[in-house]
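Structure, as structure tokens:
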Amino acid sequence: MIEVKHLTKRYGKTTALDDISFTVESGEVLGFLGPNGAGKSTTMNIITGYISSNEGTVTVDGSEILKEPKKTKQKIGYLPEIPPVYPDMTVRKYLEFMFDLKRVKLPKAEHINEVMRLVGLERHGRRLIKNLSKGYRQRVGFAQALLGNPPVIILDEPTVGLDPKQIIEIRKLIKNLGKKHTVIFSSHVLSEISATCDRVIIIADGKIIADAKADELYTALSDRQKLLVTAEGKSADVMAELNKVPEVERVNKLGAAGKGANRFEVEYRAGTDVRRQVFSAMARINCPILEMTAGNGSLEELYLQLTENAKGGEN
Ligand code: ADP
Ligand code: MG
């Protein structure tokens, strides 16, 4: 449904996007994850035709944004980082205004009612946008993106600044949208993304560093896994024996663990399971294992590690 090929975007000497490519299948909910300044908004602004790239192409449902901007834009509903709402309009007037602006060809009143119902604004039509809470203003932005039933919905950090209850509601809404639309939404919060989407792309410093199904993210990000082992015996002997296991890549001593025992961190190749070999190795040198647990840090930690070198943005 969406094909992004070799996008590069430079602002003066800053390279905001450095050769980004990915595709999104029809009906997929794609999470676009990355720290501030990573290039999320830039990517979304290029996909939606708001800004142009220096290199690369974007194709949405067969039409290329630069060659057929009008036709392509009609296939996309976009909620930018700062929702384009007019504070002095009522919710309904604003949606009518946007309906006309987008030249939507559906029955007007009926369609606006439907969209308002979908985002939970049905009882707020007559309220001035400036009197709405941030969460409700965000819903108005959402409603605007849904006008005309575009097959693709793009949401730039739709939950920023909302309270936990509102965040849960917006998440539900996104999941619901995924039934009928292809959705890309961005966030700098990992848990946000993994709770809502099928697939995750992680972007840092203008480059894609992972593109994986939500539940395969850890393996996609890390080439090593860890095991924490507490064993009795001289640590030099234990470490030497553990290092003989072919899949083990590194053994670190973490410290003493009571009388005659030590704790070790065993790093081994991702996708393998070394527990049995560790057991046999320790049995060979007669060093009883007192404890053995998976020592992987959280996905959150791994994400922070991988993205912390990315330059900080100002937004
Ligand atoms: P994100 O949305 O992931 O926080 P952005 O796409 O907004 O990141 O920004 C990516 C990089 O491009 C940042 O380094 C940012 O400072 C830079 N950038 C974005 N917009 C502009 C602009 N209009 N002029 C100059 N630099 C910009
Ligand atoms: Mg942004």
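With respect to (1) buried (at least 20 other Cβ atoms within 10 Å of the Cβ); (2) more than 16 Å from ligand 2 (Cβ to nearest atom); (3) of a type outside the set (A, V, I, L, M), the lone exception for residue 37 is condition (2).
Which one of 60, 104, 85, 91 is touching a strand residue (DSSP E or B) at 6+ places or on another chain (Cβ under 6 Å) and β-branched (Val, Ile, Thr)? Outline the logic, then answer.
Details: 104 fails: touching a strand residue (DSSP E or B) at 6+ places or on another chain (Cβ under 6 Å); 85 fails: touching a strand residue (DSSP E or B) at 6+ places or on another chain (Cβ under 6 Å); 91 fails: touching a strand residue (DSSP E or B) at 6+ places or on another chain (Cβ under 6 Å).
The unique qualifying residue is 60.
If you go through region 302-315 and keep only what is open to solvent by 50 Å² or more (accessible area, probe 1.4 Å) and modelled with pLDDT of 80 or more, you end up with just 304.
Would you tally the residues in region 181-203 being of a type in the set (Lys, Arg) and either in a helix (DSSP H, G or I) or at pLDDT below 85 (or both)?
Step one: list which residues in region 181-203 are of a type in the set (Lys, Arg), which gives 199.
Filter once more, keeping what is either in a helix (DSSP H, G or I) or at pLDDT below 85 (or both): none.
Total meeting the criteria: 0.
Applying the condition of being open to solvent by 80 Å² or more (accessible area, probe 1.4 Å) and touching a Leu at 6+ places or on another chain (Cβ under 7 Å) to region 76-119 and asking which residue is nearest to residue 160 (Cα to Cα) yields 118. Is there a residue being open to solvent by less than 10 Å² (accessible area, probe 1.4 Å), of a type outside the set (Phe, Trp, Tyr) and within 16 Å of ligand 1 (Cβ to nearest atom) anywhere in region 57-75? Yes, region 57-75 contains at least one residue that is open to solvent by less than 10 Å² (accessible area, probe 1.4 Å), of a type outside the set (Phe, Trp, Tyr) and within 16 Å of ligand 1 (Cβ to nearest atom).
Selection over region 243-267 of residues that are closer than 12 Å to residue 228 by Cβ, open to solvent by less than 50 Å² (accessible area, probe 1.4 Å), touching a residue at least 24 places away in the same chain (Cβ under 8 Å) and of a type outside the set (Val, Ile, Thr) gives a count of 5.
Of the helices (runs of 4 or more DSSP H) lying entirely inside region 105-180, the ones with 2 or more residues being within 16 Å of ligand 2 (Cβ to nearest atom) are found at 134-146. Scanning region 183-210 for residues that are within 12 Å of ligand 1 (Cβ to nearest atom) and of a type in the set (S, T, N, Q) yields a total of 2.
The values are calculated or read from the model by the stated rules, or taken from the named source; none is laboratory data. From a predicted model like this one, the values you see are computed outputs, not experimental measurements. Cβ atoms come from the backbone with ideal geometry, glycine included; neighbour counts cover every protein chain shown. Ligands, DNA and RNA are excluded from the accessible area calculation, which covers all protein heavy atoms including side chains. Shrake-Rupley method; radii C 1.70, N 1.55, O 1.52, S 1.80 Å.
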